[in-house]
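Worksheet: the structure to be examined is printed underneath.
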């Protein structure tokens, strides 16, 4: 194998094969979920739920508490989002894509601050302030918590929070040794940009189908 390939994947040498395989499956499902999100397709949720469930198991193996909490939150928020997306606003139309209201902006800020405090308390209890990554984890967790709530409510701005969080996560996960997951976030950055553009074109347009 090439030196670059060996250097990239040497961190998997001591990892059980089933963990590596599960990570690849979870990444593929997560990318599918992100793509379905860009397409405003309800399949975002079954693929996302499967992906996050697998990631919770993997992250528990690695002992990455902050990341585990994020994915556990994704799992619950996916169920909430599935309900919101399938809710009809009238006899024929489903919840449309909209921008955040002033009230929702306040709620987003509250979620962001509350998440920072929550993660701080959790890390204090479990004494996780052992690396600079813990501080970055706290920030990305807050960003992704807000993004997932906005995504569940079909708000355009969810893509902006996802974009910032995805950019930060590329080097973060690479440093943690989750190489496939780092590559996943590279693709997430691209999907976030195109997702924002696609959703912006469809703002406030009544939807009659969830399988676009």
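No value in this document is a laboratory result; all are computed from the given coordinates. Note that the structure is predicted; figures quoted are calculated from it, not measured. Every residue, glycine among them, receives a Cβ derived from its backbone with ideal geometry; neighbour counts consider all protein chains shown.
Side notes on the structure shown:
- One chain, two ends: residue 39 and residue 76. Fully extended at 0.36 nm per residue, the span grows by 11.2 nm beyond their Cα-Cα distance.
- Calculated FRET efficiency, residue 132 to residue 10, Cβ-Cβ distance, R0 = 22 Å: about 0.50 to the nearest 0.05.
- Taken over the stretch 39-104, the percentage of Cα pairs per 5 Å bin, counting from 0 up to the bin with the maximum distance, is 3, 16, 20, 19, 16, 12, 8, 5, 1, 0.
- Acute angle (nearest 10 degrees) that the helix 65-86 long axis makes with the longest principal axis of the chain, alpha-carbon atoms: 20 degrees
- Helix 132-152 and the long axis of the chain differ in direction by around 20°, with both axes built from C-alpha atoms.
- Taking each residue as 0.36 nm, the span from residue 25 to residue 113 lengthens on full extension beyond its C-alpha to C-alpha distance by 28.4 nm.
- With N counted as the residues of the stretch 16-201, its alpha-carbon radius of gyration over 2.2 N^0.38 Å works out to 1.01.
- Relative contact order (%) - the chain, alpha-carbon pairs under 8 angstrom, separation at least six: 27 percent
- Alpha-carbon centroid distance for the pair the stretch 111-182 / the stretch 83-105, whole angstrom: 25 Å
- Relative contact order %, the stretch 1-126, counting alpha carbon pairs below 8 Å whose residues are six or more apart: 16 percent
- Cβ crowding within 10 Å ranks 129, 159 as 129, 159, fewest other Cβ atoms first.
- Seen against the Cα atoms of the chain and their longest principal axis, helix 158-176 is set at about 10 degrees.
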